[in-house]
Amino acid sequence: MTDFINPNEETRIEDGAKVDLHFSVAIENGVEIDNTRSREQPVSLVMGDGSLLPGFEKALFGLRAGDRRTVSLPPEDAFGPWNIENVQKFDTIKFDPAPVVGHMIEFEDKAKQSLFGVIKTIGEDITEVDFNHPLAGKNITFEVEIFKVTPAGQQGIKII
């Protein structure tokens, strides 16, 4: 007979653990930016796999199945501080079609990687583009409900 390892409800979240959870993310004025509650099944991720920002992961460490937590994260632990150096100026004439304030445009950096920027201002000669993350500089509220924690190294291991 083949059984799957059943994670112990006392197993706490640590680096490498697989976690099934629902979460929501809101900015400081309460406007919700993202949530997974509308999905039938919780989302699964492996701690340390890069699917969550380090500040969000840090808020999960030590939790176990059944736990809920609401954490307020400063910009440094969420999407980073807003940085004036991430606002770049371009010749307005180079945009085709003409830029529109507030629109997000895809650019290509020197390494040929996609980079998104938001049109900040448009002048006759110069257009400013903000390459900060749209949530940079904002305090974030992160709510999470943990459904299942599988210890590091036990994902998919069968007992025969």
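The values are calculated or read from the model by the stated rules, or taken from the named source; none is laboratory data. Computed from a prediction, not measured in an experiment: that's the story for all the values here. Note that we place each Cβ from the backbone using ideal geometry, even for glycine, and neighbour counts take in every protein chain shown.
I'm trying to understand the selection: among the residues of segment 14-27, which are touching a strand residue (DSSP E or B) at 6+ places or on another chain (Cβ under 7 Å) and of a type outside the set (A, V, I, L, M)?
Correct list: Gly16, Lys18, Asp20, His22, Phe23, Ser24.
Exactly one condition in (1) in contact with a strand residue (DSSP E or B) (Cβ under 6 Å, 6 or more places away or on another chain); (2) closer than 28 Å to Asn35 by Cα; (3) not aliphatic (A, V, I, L, M) is not met by Pro81; state its number.
(1)
Can you name the number of the only condition in (1) within 22 Å of Ile146 (Cα to Cα); (2) in contact (Cβ under 8 Å) with a residue 12 or more places away in the chain that Pro99 fails?
The single condition Pro99 does not satisfy is (1).
What strands (runs of 3 or more DSSP E) completely inside segment 87-151 contain at least 3 residues that are assigned by TED's automatic domain parsing to the domain that holds Gln41, within 22 Å of the chain's Cα centre (by Cα) and of a type in the set (D, E, K, R)?
Answer list for segment 87-151: 140-150.
Which one of these does Ala59 not meet: (1) at pLDDT 95 or above; (2) buried (at least 17 other Cβ atoms within 10 Å of the Cβ)?
Condition not satisfied by Ala59: (1).
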